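One structure below.
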């Protein structure tokens, strides 16, 4: 320590300190920053395969180099997460023009999807596909997830994710069947009408809480059949269809012998 | 009698000592003379029909509401104090901040034994309660059961409907969840839209700016004390008037405005009503036990910021919500002398329900005036015989349906893959065109059905048998209707438009009050311009005396043509022995308008005025 103390007035000391500070900051950043961790290791071969798949299936609309055409977005910088979401839910390649691209059985298998993602990710940095740990519902807090869902998501997707209507035939889909990974990716990339909830807006942990809340909703309702979780309208319909239906049936039966 | 024998010390009578029940009844009777009332009520005759039980469904679901509501008050805490929910279930609520009202609702659902069941029974009963009231009102309206002397009871019933809506809405708001809070916010907006006093009224209701911390305790007092108290009082009045005026009955042989044909209350209706009560309570419990309703923990504790997709009120308020959704916003917010008049809220939320309830409240009086009718009516109308009234009912229903659909526009959009804007525009047009179209079609259908009745009475049922005469002429044989069928189709009168005195009197002086008379006449013309006269006895006689027809009928084998169905009983105890009604007369001979005076058969009760 004595040696250090002796040299603290050395004229190079500020430079050394600055270097140390930079190193520490860089090191901490490298350790703590949202990792663009790759779910699968990407090879150049994957990118090549992805490029071929892209040119065969996507380039018509998105352009030969994914630069986009009129009315069709550029894919440079959208990241692997966006491609994985769109392709693995079957939304892309789009079946037909409509108010919005609808989910359908996916057209590509897992490896092809990964190759496409790798190719698009290679065009420019963007959100990566989340790891299994990031979307593990058992590690999330459903209570916090619900509070976040209520303030950020429920106005379109309904209080428990049963879906809802948007303008001009667009809609927020029901989330009963959506995979945990896709829910996370949708928040991260904001597909179609959905806004982007980036990691500063809703942190990765909070995203996992939301996933955890949504998965919990799939267990059903404590009070019996949830009737689609659509609220008072479906309840009213059932009140008439089942309740008053049965009661009027009983009334007809009781009054049948007369009049 | 037993008592007298007892006092005499008669040996035989002593052996048949009065039972414990008998003794208790006697004890009560000696002190209250209640036996007179019991005797009167037990022998009371009521007509029977399934549609008369719609009101009963309302009454019994109200009893279930009181019983389950009593349970809920034991565990509900009507406070807006901020608390933190601690409980393993539901996981989404654990550790959340909420009002004590919401916390106690979740607590009673998950921690109190039977709490969830009771909450759900209570909510389902509320939906069924109002549903059955509305169906009951449709029955009363369509059959003209609101006519003299029942106008007061119609008003009592309408008041109860409004109270039931208030009960439903105050109860729906109590858990203080996001969904009901959104509803309360809309009410707040509507109240604030009222010119001049709106903002004062809003502060009066909420005790401060919305939502404040006062409204839940206030709604609680209304919900468990004021509204049910008024409802119970009005139900008592409603039933008292029903017993006093005696129940109306559907037309049929032997039934007139001067009698009641049916069964006595004891034992028939006591048994039927008890059975029906258990059926209703059973169905409501089954629904409460198997079908989730209003899972407030799905919506979360109230917070003014979020409004989730699929936010709708319970079904009976849907029409107001729908009207609000259909109303265009721009251009309807008028600023007059610096005051904002938000017609975009006042029209759908105040004027539309105002029109509905004013029309319902004044209808009995309007119709009586337009008909020039001051008679008592105890035989109900067949809806087809009053085309305009029936058409108005259907038009109202269509308007209600269009508004209710508008309130569910987002669900329609997602479930049928439609554009929400397109739905709104279609429903905006339908709100005006739909009821008019429904009115026109219903009126025409009613008139056509009346014509068909006439046709049937005069010419009988088509038998499908073609007969050729010796001369080569072909004729289809028609089977005459039996007397009951004829009675049903000819017993009514078809009102004509009012006739008024001319504008000038004999000396050419303008008559005072002519313009007012003319207005009523116009209304009357609207009601009764298009009419079908029921077949008269003379027409019937004429129709049956066609030489050819008689000839055919004489030739047809037994059992087809001739009146095989002589006097037929129309159910229990309805035909009078040797009566004067059509039940014992050949169709068309004595005419169906013979009154039911005279022979009072068993199960018939004369109306007050007819005792003579």
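Read-outs throughout are calculated quantities, based only on the coordinates presented, and are distinct from any laboratory measurement. Quick caveat: nothing in here was measured; it's all calculated off a predicted structure. Positions of Cβ are generated from backbone atoms using ideal geometry, with glycine treated the same way; all protein chains shown enter the neighbour counts.
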Item checked: Mean residue ellipticity (222 nm) of chain A, computed from DSSP H runs ≥ 4 via -39,500 (n - 2.57), nearest 500 -> -14000 deg cm²/dmol
Notebook entry, point to check: Across bins of 10 angstrom width beginning at 0, how are the C-alpha pair distances of the range B:46-299 distributed, in whole percent?
Noted result: 7, 26, 29, 21, 12, 5, 1, 0
Notebook entry, point to check: So what are the three principal axis dimensions of the range A:137-217 from its Cα atoms, in whole Å, longest to shortest?
Noted result: 38, 25, 21
Next item on the list: At 0.36 nm per residue, minus the direct Cα-Cα distance, what do residue B:545 and residue B:469 gain on full extension? Give it in nm, one decimal, please.
Entry: 25.6 nm
Next item on the list: Round to the nearest 0.05 the FRET efficiency obtained for residue B:536 and residue B:509 when R0 = 45 Å and r is the Cβ-Cβ distance.
Entry: 0.70
Check: Each label point is 7 Å from the Cα along the Cα-to-Cβ direction; what then is the distance between the points at residue B:462 and residue B:529, in nm?
Finding: 3.2 nm
Check: By its C-alpha gyration tensor, with a ≥ b ≥ c as the square roots of the eigenvalues, how is the range B:229-315 shaped: rounded for a/c under 1.5, else prolate for a/b larger than b/c, else oblate?
Finding: prolate
Notebook entry, point to check: Pulled fully out, how much extra length does the chain show between residue B:232 and residue B:376, if you take 0.36 nm times their separation in residues and subtract their Cα-Cα distance?
Noted result: 49.0 nm
Next item on the list: Kindly put A:54, B:203 in sequence by how many other C-beta atoms sit within 10 Å of each C-beta, fewest to most.
Entry: B:203, A:54
Notebook entry, point to check: Ordered by packing density, taken as the mean number of other Cβ atoms within 10 Å over each peptide's residues, highest first, how do A:5-18, B:25-38 rank?
Noted result: B:25-38, A:5-18
Next item on the list: Using R₀ = 30 Å, calculate the FRET efficiency as 1/(1 + (r/R₀)^6) where r is the Cβ-Cβ separation of residue B:208 and residue B:307; round to 0.05.
Entry: 0.90
Next item on the list: Give the distance, in whole Å, between the Cα centre of the range B:352-394 and the Cα centre of the range B:270-330.
Entry: 30 Å
Next item on the list: Using Cα pairs closer than 8 Å and at least 6 residues apart in sequence, work out the relative contact order for chain B, in percent.
Entry: 16 percent
Next item on the list: Quick one: check the C-alpha center-to-center distance for the range B:141-219 versus the range A:86-137, whole angstrom.
Entry: 50 Å
Next item on the list: Calculate for chain B the 222 nm mean residue ellipticity that helices alone would give, adding -39,500 (n - 2.57) per DSSP H run of length 4 or more and normalising by residue count, nearest 500 deg cm²/dmol.
Entry: -17500 deg cm²/dmol
Next item on the list: Averaging sequence separations of C-alpha pairs under 8 Å and six or more residues apart, then dividing by the length of the range A:137-217, give the relative contact order as a whole percent.
Entry: 46 percent
Notebook entry, point to check: Once you put a point 7 Å from the Cα of residue B:39 and another 7 Å from the Cα of residue B:200, both along the Cβ direction, what distance in nm separates them?
Noted result: 6.0 nm
Next item on the list: Considering only DSSP beta bridges where both residues belong to the protein assembly as shown, give the percentage that are antiparallel (nearest 5).
Entry: 90 percent
Margin query: Using Cβ counts within 10 Å as a stand-in for footprinting exposure, how do A:122, B:125 rank, fewest first?
Written below: A:122, B:125
Notebook entry, point to check: If contacts are Cα pairs under 8 angstrom and at least 6 residues apart, what is the relative contact order of chain A in percent?
Noted result: 17 percent
Check: By how many nm would the segment from residue B:27 to residue B:341 grow when fully extended, if each residue of separation counts as 0.36 nm and the alpha-carbon distance is taken off?
Finding: 106.3 nm
Check: Simple spin-label model, 7 Å along Cα-to-Cβ: residue A:104 to residue B:75 in nm?
Finding: 5.0 nm
Notebook entry, point to check: Does anyone have the angle between helix B:100-110 and the longest principal axis of chain B? Alpha-carbon axes, 0 to 90°, nearest 10?
Noted result: 60 degrees
Note to self: I'd like the distance between the alpha-carbon centres of the range B:421-464 and the range A:170-218, rounded to an integer number of Å.
What the structure shows: 51 Å
Item checked: Angle in degrees between helix A:44-57 and the longest Cα principal axis of chain A, rounded to the nearest 10 -> 40 degrees
Next item on the list: Name all residues of the range B:94-119 having a backbone nitrogen under 15 Å from the label point set 7 Å from the Cα of residue B:88 along its Cα→Cβ direction, giving them as ranges.
Entry: B:94-95, B:110-112
Item checked: residue A:241-residue A:167 FRET efficiency (beta carbon distance; Förster radius 35 Å; 0.05 resolution) -> 0.70
Margin query: Under 10 Å, Cα contacts only: if you run a Gaussian network model on chain A, which one of A:188, A:20, A:237 comes out with the highest mean-square fluctuation?
Written below: A:20
Next item on the list: Please report B:378, B:461 as a ranked list, fewest other C-beta atoms within 10 angstrom at the top and most at the bottom.
Entry: B:461, B:378
Next item on the list: With a ≥ b ≥ c taken as the square roots of the eigenvalues of the C-alpha gyration tensor of chain A, please select rounded if a/c is under 1.5 and otherwise prolate if a/b is larger than b/c or oblate if it is not?
Entry: oblate
Note to self: Ignoring solvent entirely, what values of log10 I(q)/I(0) come out of the Debye formula for the protein assembly as shown at 0.04, 0.08, 0.09 Å⁻¹ when each Cα is a single scatterer?
What the structure shows: -0.30, -0.93, -1.07
Item checked: Cα-derived Rg over Rh, computed across the range B:273-409 with Rh taken as Kirkwood radius -> 1.09
Item checked: Whether chain B is rounded, prolate or oblate, judged on the alpha carbon gyration tensor where a/c under 1.5 counts as rounded -> oblate
Check: Can you give the average number of partner chain beta-carbon atoms within 10 Å of each beta-carbon in peptide A:135-146, as a whole number?
Finding: 3
